[in-house]
Amino acid sequence: MTTTGLRDRGDGGTFPYDLSPWQQALRAQFPIITAHPGLTYLDSAATAQKPEAVLHAVHTYLTTANANAGRGTYPWANASTELVERTRAQVKSFLSDPEPDRSTVHFTSGTSEGLRAVARDWLPDLLSDGDEIVVPYADHQANVLPWLEARDLLAARGIRIGVREMPYQTSSGDYDAAALARLVGPRTRFVATTHVHHVYGADMNVHRIRAAVGPDIPICLDAAQSIGHQPVSVAALDVDFAVFSGHKALALPGTGAVWARQTRGPRFTPGGWSGTPNTAGVASLAAALDWLREAGTDRIARWTTALALRLTDGLRHLPAYRILGCQTSLAQDSPVQHRAGIVTFRHRSIGASDLGFILFSHGFMVRTDGHCQGAAGEKTSSVRVSTHVYNTPEEIDRLLAVLGGLE
Ligand code: PMP
């Protein structure tokens, strides 16, 4: 059934080879990928490469309409203002916002700044002395530190709030919704969640969180690792904030957004004078979201999950490696089947950074460190392989061959 002549690994023949022509056409649109045939980029969870359409949109904007947005009345200024407003609407639609008239979109430099904006400019207005919030300590520290900062800020004003640890399931690495339901009490006011784990690649099953916490508690979603990789629906997840980085979704670095629903809790109004917006970045985000919609995030998810399963299966046959987080069983009912295109592992005796250097000597670019996990995270460095639509099963097989040679 393969169109590429690859032998099937333990993916049970389920690799979506039907998507190969689609994928090849998309891969060809990434100039940095096609210009470097000897290199393999496997660090998209850190930042993603940009398709020609995004580069072109930035060039077009800067050479035809570059001006400050929200100020001025001449055509370039108007075009820039319209671009920013149009992109806000586009973000809402990309996130399947069911009530776009009752939400706002605030552009940021990325997820870190976005989550901080929620913690700084909205959370304190929600909380009184004795209230509690739930924080996911084993997720990215960008989704831990801002909530602790808010707690400390409030404490300095004499308002003491409790921070409860989000419970996790040890077998699958996603949240333990049943334990969360037991944790939630009459003083729980806010729950911070992550859509896809940036180290384990686990889908955190946020769709179970609303039922666990009831209808009234605001939920914030860190969508840094899901945006552009799979459909992100604020309607389906019933969350109140969705925060993401544009640069992980094929747009320029320094882009991102906070989507905020205005129905649970106080209104989100980003504080202070935010100054000149990153208009070229917004142009890149608009083009990236168009590109992703056209490509189909559901197909991207099928492709990158299949790449991750291929790597997972290959590593299962190499005893020197241990995969972190998601379990290695490939059974159809295993949570690993829902993982995103991220696989993180350690070698029995070769340190992660040494392994990174060895892999780069073979042309593979991967992430090697502690991955900015929160306080409950891994304590030792590891190697993270993360994929996007431009990666191929051939690349995964070549990587496995190199890893196999280091057994
Ligand atoms: N949350 C998660 C889950 C992430 O993976 C990252 C980036 N690795 C961030 C937040 C922070 O994103 P940024 O660096 O774009 O602010």
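The values are calculated or read from the model by the stated rules, or taken from the named source; none is laboratory data. Please read these numbers as outputs of a predicted model, since none were measured by experiment. Don't worry about glycine lacking a Cβ; one is built from the backbone with ideal geometry, like all the others, and counts go over all protein chains shown. Surface areas here come from the heavy atoms of the whole protein model, side chains and all, with no ligands, DNA or RNA. Shrake-Rupley method; radii C 1.70, N 1.55, O 1.52, S 1.80 Å.
Things worth noting here:
- Span-like helix check, the chain: qualifying full DSSP H segments, with Cα axial length of 20 Å or more and mean Kyte-Doolittle of -0.5 or more, are 279-295, 297-316.
- Magnitude of the charge dipole, segment 180-263, Cβ model with Lys/Arg +1 and Asp/Glu -1, debye to 20: 200
- Which of GLY38, LEU359, ILE161, positive extreme of dipole for the chain (C-beta unit charges): ILE161
- The coefficient of translational diffusion for segment 76-139, derived via Stokes-Einstein from the alpha carbon Kirkwood radius under 25 °C and 0.890 mPa s, stands at 169 µm²/s.
- Accessible-area value, THR64, 1.4 Å probe, nucleic acids and ligands omitted, Å²: 80
- Cross-link reach list, lysines versus LYS92, counting only Cα pairs under 30 Å and skipping chain neighbours closer than eight places: LYS50, LYS248
- Largest to smallest accessible area among TRP76, TRP22 [probe 1.4 Å]: TRP76, TRP22
- The chain: projected area of the alpha-carbon convex hull, averaged over directions, in nm²: 20.2
- 10 Å binning of all Cα-Cα separations within segment 55-295, expressed as whole percents from 0 upward: 8, 32, 35, 18, 7, 1
- When only the Cβ of Lys, Arg, Asp and Glu is charged (+1, +1, -1, -1), the dipole of the chain relative to its Cα centre reaches about 280 debye.
- Largest to smallest accessible area among ARG267, ARG189 [probe 1.4 Å]: ARG267, ARG189
- Per the Debye calculation on segment 33-127 with a single equal scatterer at every Cα and no solvent contribution, log₁₀ I(q)/I(0) for q = 0.20, 0.25 Å⁻¹ amounts to -1.20, -1.27.
- When the solvent-accessible area of the chain is split by element, carbon and sulfur atoms take up 53 percent of it, the probe being 1.4 Å.
- By average C-beta atoms within 10 angstrom, highest first, the peptides 218-230, 159-171: 218-230, 159-171
- Inter-centroid distance (Cα atoms) of segment 11-90 relative to segment 149-203, Å: 34
- For the chain, accessible area per residue (1.4 Å probe, heavy atoms of protein chains only), Å²: 40
- For segment 205-274, alpha-carbon Rg relative to the globular expectation (2.2 N^0.38 Å, N residues): 1.20
- Mean residue ellipticity (222 nm) of the chain, computed from DSSP H runs ≥ 4 via -39,500 (n - 2.57), nearest 500: -11000 deg cm²/dmol
- Annotation: segment 123-194 has a Kirkwood hydrodynamic radius of 12.6 angstrom, from the mean reciprocal C-alpha pair distance.
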